[in-house]
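Step one of this worksheet: look at the structure below.
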């Protein structure tokens, strides 16, 4: 595979904003990505507090974390492909407001069903990052495209870390409902600001209506071997990560360690390894190609799985495993997403297919991990993660 892939011709005419706005656009998109990505994971570190508030066992509300991922996958199917067809400015603004309203509804929920519905809607509407990353790829120089994509991915993982660490601390101090309100305020502010500074776009008319991208997605994946491989690789990698990370609060606050929600949330600081690795991974993809980076990422993830099992009783093993798995996940993500964005003439639709595959794998693995934890404890979660990683490895090891 070549060191860089040339993007297909964009499907829209993008008017260049003023130079000052151009310099601010990538950092602002990265910050907006951090805030909106946090919404998908905001409930995960708060599960023990939510369970206590509703009079349930923590394992009985673990499914809410997987609801968020299924919601995000649904949003990617219906909303993200619109990036190939409509002006992103009003779409980003509208989705930000819907997410804000859903988070407020979650904050006043009176039971798990109402909360799950609010989380589902908020996660489905918080697909703004996946509307913006194709724009970043379109505007980036060909020899630095993966680095620019990596900047957005770094923002995404910073948001995930913030959701776990700051969410856990704020939830312990002010209650989980206050965390939802804070997320709503940040989403409205950053979403509307980003929409205001996006470059104007003149979309070229396409046949098939607004949801033609959704209908075209299966054929797009089927006829692009590179996109198909990227989708399955990331589904395996993200599934392994999700199984472990969404169940981690249950391990840390349970009998093995007995930590408070706030202390367990601090464990998410190890996720900063992902934010640090993303720029390095982008440079490696630009230089050596996506396939080589993904293979090495899977090797690193495979090493982390037995360390997570040992971490069920030995805290230092959890430290090392968390750093290794986050580094593997983000390196794989930078490589696979860059490939997905540059392998077809419909980058937003291709990107949607790629991220849907990843989140569908993650949501399924999270749901199974919750059941496994209820029946077999942390060891069951590690088995689920290992199986998902093995699935991704089989795909990765196929001849390129």
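Considered as an equivalent ellipsoid built on the Cα gyration tensor, the chain has semi-axes of 32, 25, 18 Å, the largest given first. The long axis of helix 272-288 is offset from the longest Cα principal axis of the chain by roughly 40 degrees.
Using a Gaussian network model of the chain in which every pair of alpha carbons under 10 angstrom is joined by a spring, one finds that among 343, 187, 114 the greatest mean-square fluctuation is at 114.
Can you give the Kirkwood hydrodynamic radius of segment 234-336 from its Cα pairs, in Å with one decimal?
Result for segment 234-336 stands at 14.0 Å.
Between residue 185 and residue 280, the modelled label-to-label distance comes to 3.7 nm, taking each label 7 Å out from Cα in the direction of the beta carbon.
Using the alpha carbons alone, the radius of gyration of segment 56-100 stands to its Kirkwood radius in an Rg to Rh ratio of 1.17.
By the compact-protein rule of thumb, 2.2 N^0.38 Å, the alpha-carbon radius of gyration of segment 120-168 corresponds to a ratio of 1.36.
Relative to one another, the C-alpha centroids of segment 98-169 and segment 294-323 are positioned 26 Å apart. When only alpha carbons of segment 24-108 are considered, Rg and Dmax amount to 15.4, 46 Å. Taking every alpha-carbon pair under 8 Å whose residues sit at least 6 apart, the chain reaches a relative contact order of 28 percent.
How would segment 98-179 be classified by its alpha-carbon gyration tensor: rounded, prolate or oblate, with rounded meaning a/c under 1.5 and the a/b versus b/c comparison settling the rest? Because a/c hits 1.5 or more and a/b fails to exceed b/c, segment 98-179 counts as oblate. By the beta-carbon count within 10 Å of each Cβ, the least crowded to most crowded order of 241, 378, 309, 388, fewest first, is 309, 378, 388, 241. For the chain, take the longest principal axis of its alpha carbons; what is the angle in degrees between that and the long axis of helix 290-310, to the nearest 10 within 0 to 90? That helix lies at roughly 10 degrees to the long axis. Rounded to the nearest 10 degrees, the inclination of helix 145-174 to the longest alpha-carbon principal axis of the chain is 30 degrees.
The alpha carbon gyration tensor of segment 287-371 gives principal lengths a ≥ b ≥ c with a/c of 1.5 or higher and a/b no greater than b/c, which makes the shape oblate.
Binning the C-alpha pair distances of segment 114-239 at 10 Å intervals from 0 yields a P(r) profile of 9, 28, 37, 21, 5, 0 %, listed from the shortest bin outward. Shape call for segment 224-291 from the C-alpha gyration tensor, a ≥ b ≥ c root eigenvalues: rounded (a/c under 1.5), prolate (a/b greater than b/c) or oblate? It is oblate, given that a/c is not under 1.5 and a/b is not larger than b/c. Structure remark: mean-square fluctuation, Gaussian network model of the chain, C-alpha springs under 10 Å; the largest value among 196, 43, 105 belongs to 196. The Cα center of segment 267-292 and the Cα center of segment 208-258 differ in position by 18 Å. Comparing mean-square fluctuations of 386, 111, 361 from a GNM of the chain with C-alpha springs under 10 Å, the top value falls on 111.
Shown for 313, 148: other C-beta atoms within 10 Å of each C-beta, ranked fewest to most, produce the order 313, 148.
What percent do you get for the relative contact order of segment 38-78 when only Cα pairs under 8 Å and 6+ apart count? Before the final figure, lay out the partial values.
Numbers: 22 pairs, mean separation 16.3, N = 41.
Relative CO of segment 38-78 lands at 40 percent.
Estimated from helices alone, the mean residue ellipticity of the chain at 222 nm is -26000 deg cm²/dmol (sum of -39500 (n - 2.57) over DSSP H runs with n ≥ 4, per residue). Percent of Cα pairs in segment 32-175 per distance bin of 5 Å, from zero to the largest separation: 2, 10, 17, 21, 19, 12, 8, 5, 3, 1, 0.
None of the figures in this text is laboratory data; all of them are computed from the coordinates on show. For clarity, every value in this text was computed on a predicted model and none was experimentally measured. Note: ideal-geometry Cβ built from the backbone for every residue, glycine included; neighbour counts use all protein chains shown.
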